[in-house]
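The values are calculated or read from the model by the stated rules, or taken from the named source; none is laboratory data. Being a predicted model, the structure only gives us computed values, none of them experimental. As a convention, Cβ positions derive from the backbone with ideal geometry for all residues, glycine included, and neighbour counts pool all protein chains shown.
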Amino acid sequence: MKFFVDNNLPPSLARALNELCSAEAHSVTHLRDKFDENAIDADWIAALANEAGWVVITRDKLSKGIEREALRRAGLVAFMLDKTWTKQPFWDIAHQLVRWWPRIMEQARGIQGGAAFKVPWTMRGKGRFEQVVL
């Protein structure tokens with residue numbers, strides 16, 4: 001699988017996840033490693049859709065109509081970190097995202113076509129996602 005980390009998470013975190021995933025032949029790419037730093041969401045979403053196979057990780061709500069519509073049309077799988085993630089320090093985010101990562105990979109592996117999920121800050125039990133309607 002190919003994971004794409006949006007600009008609202010640090011490139012260093014994407015690179016660390018890439019190293020951790022390399023043993024399973026997955027890759028993690030940060031937006032700045034593939035597109036201009038100021039790339040518009042709808043543009044990079046459309047570009048990823050043309051390549052197929054991408055799973056998006058973002059802290060954006062993508063609540064604006066144009067971004068949600070672009071994501072819906074793109075048929076990508078997206079994981080949106082809920083608003084609690086924005087209030088956390090870097091090391092806590094890194095720890096929690098690594099903790100969630102096996103569940104994110106498992107969920108992404110089981111999805112055909114596009115879908116979006118909210119990732120809560122707190123993981124209880126095996127970890128459950130809330131599906132987001134696009």
Problem - Spans of helices (runs of 4 or more DSSP H) in the range 1-104 with at least 1 residues among the basic types (Lys, Arg), at pLDDT below 95 and under 27 Å from residue 133 (Cα atoms) - result: 65-74
Practice task
With the checklist (1) out of contact with any Cys (no Cβ under 9 Å at 6 or more places or on another chain); (2) crowded, with 16+ Cβ neighbours inside 10 Å in hand, flag the one item residue 113 doesn't pass.
Solution key: (2)
Fill in the blank from the handout: Scanning the range 116-134 residue by residue, those under 18 Å from residue 68 (Cα atoms), loosely packed, with under 13 Cβ neighbours inside 10 Å and not acidic (Asp, Glu) turn out to be 131, 133
Exercise for the section: Could you look through the range 105-134, keep only residues that are β-branched (Val, Ile, Thr) and in a loop (DSSP other than H, G, I, E, B), and pick out the one that is modelled with the highest pLDDT? Expected result: 122
Completion exercise
Selection from the range 23-45 of residues under 20 Å from residue 108 (Cβ atoms) and either loosely packed, with under 12 Cβ neighbours inside 10 Å or not polar (S, T, N, Q) (or both) yields 23, 24, 25, 26, 28, 30, 31, 33, 34, 41, 44, 45
Problem - the range 121-132 residues that are on the phi < 0 side of the Ramachandran plot, paired with ones that are surrounded by 11 or more Cβ atoms within 10 Å (Cβ to Cβ) and among the aromatic types (Phe, Trp, Tyr) (beta carbon under 7 Å, 6 or more apart) - result: 121/85; 123/100; 129/117; 130/117; 131/117; 132/117
Exercise for the section: Can you run down the residue pairs with Cβ atoms below 7 Å, 6 or more apart or on separate chains, where the first is in the range 70-90 and more than 16 Å from residue 107 (Cβ to Cβ) and in contact (Cβ under 8 Å) with a residue 40 or more places away in the chain and the partner is of a type outside the set (A, V, I, L, M) and crowded, with 23+ Cβ neighbours inside 10 Å? Expected result: none
